[in-house]
Amino acid sequence: MKRRKKQRTPITVPTASMGDIAFLLTIFFMVCSNFAKENGILFTPPKAMDVATVADSSLSVAMDVDGVIYLNGQAFSGADELESSLEATLKDKTGDDRNVLFKCDEMIEKRAFSPVLDAIVKAGGVVIAIGEKKPVK
Amino acid sequence: MGLDRRKKKRETEVPTDSLSDVAFLLIIFFILTTSIQRLAGFKTELPSGEKTQAKTQQTEKTPTVALNGGAITLDDKGITMDELRERLAGLKLETKSNNERVILLDAEGSINYQQYFEVMACISSVGGVIGILTEEEGK
């Protein structure tokens, strides 16, 4: 009796949809990524025990080690200029959209940061002070 | 001439072999650059800074936290940060109305943000509204 030879079927991994999957993942990351606005702004955040997780906001005011004021990464010459710019930005905003993240270097003196806090409040913003959790000793 | 040569149709194909490689490289880029960082901080309740408001609030018995150099005082009595937290928690500010929740914060111009931030965080955590005392010009 003659035995029939089994036909070998070539084994291939289907990779046709791999590119589609990869691009879907890329789109996911592109949509979810939140690019840092304060890249290049040097500041050491203050630390406190009484901090909690806060929601991110589209508005961020920062003060670097040299006391330069930034609104979403754009430098301002003073608190007055910041106030008028913030006022225009916050004009149509309500509720949590008025939250303004305030990031300031730990060594900045009150005489420098106080006018900035005032400017945010006068412009109609709600200050969310950003810092780090201080480890319990 | 009986040229019956048929034109050979060339099959056109877009090379997609390296497409997935490019896409995966992009994914790796996004994975590396995305920062899954949770912001830590606190929401402050700062009055609008109107002088009249500050003056009416000051007439009542409003707790005042002062920062002088490295020292913290609550109503002119020296206190540590832990004691301040306990004392302010004891006031049960969360149950009170907005005007009664005001804690005045008085600090020298030379106080750095680190010290100020700690005290502000402490006041905010117990439900206090921070009233910033500022020196008037010319005084």
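Of the set (1) surrounded by 19 or more Cβ atoms within 10 Å (Cβ to Cβ); (2) within 8 Å of chain B (Cβ to nearest Cβ), all apply to A:Glu83 but (2).
Go through the residues of the range B:114-123 one by one and say whether even a single one is open to solvent by 10 Å² or more (accessible area, probe 1.4 Å) and β-branched (Val, Ile, Thr). No: the range B:114-123 contains no residue that is open to solvent by 10 Å² or more (accessible area, probe 1.4 Å) and β-branched (Val, Ile, Thr). Select from the range A:99-128 the residues that are under 21 Å from A:Asp56 (Cα atoms) and in contact (Cβ under 8 Å) with a residue 60 or more places away in the chain and list them in ascending order. A:Lys103, A:Cys104, A:Asp105, A:Glu106, A:Gly125, A:Ile128 - these are the residues of the range A:99-128 that are under 21 Å from A:Asp56 (Cα atoms) and in contact (Cβ under 8 Å) with a residue 60 or more places away in the chain. Within the range A:117-137, the set of residues being buried (at least 22 other Cβ atoms within 10 Å of the Cβ), in contact with a strand residue (DSSP E or B) (Cβ under 6 Å, 6 or more places away or on another chain) and more than 7 Å from every other protein chain (Cβ to nearest Cβ) comprises A:Ile120, A:Gly125.
Need the failing condition index for A:Val68 against (1) aliphatic (A, V, I, L, M); (2) open to solvent by less than 60 Å² (accessible area, probe 1.4 Å); (3) closer than 21 Å to B:Leu39 by Cβ, just the number. Failed condition: (3). Listed here are the strands (runs of 3 or more DSSP E) enclosed by the range B:1-96 that have at least 2 residues being in contact with a strand residue (DSSP E or B) (Cβ under 7 Å, 6 or more places away or on another chain), at pLDDT below 85 and not acidic (Asp, Glu): B:39-43. Checking A:Asp20, A:Asp56 one by one, the residue that is farther than 24 Å from A:Val121 by Cα, modelled with pLDDT under 85 and acidic (Asp, Glu) is A:Asp20 and no other. Quick check on the range A:48-59. Is at least one of its residues surrounded by 19 or more Cβ atoms within 10 Å (Cβ to Cβ) and more than 11 Å from every other protein chain (Cβ to nearest Cβ)? Yes - at least one qualifying residue is present in the range A:48-59.
The values are calculated or read from the model by the stated rules, or taken from the named source; none is laboratory data. Nothing here was measured: the structure is a model prediction, and the numbers come from that model. All Cβ positions, even for glycine, are placed from backbone atoms using ideal geometry, and neighbour counts span all protein chains on display. Note: areas computed on protein heavy atoms with side chains; ligands, DNA, RNA excluded. Shrake-Rupley method; radii C 1.70, N 1.55, O 1.52, S 1.80 Å.
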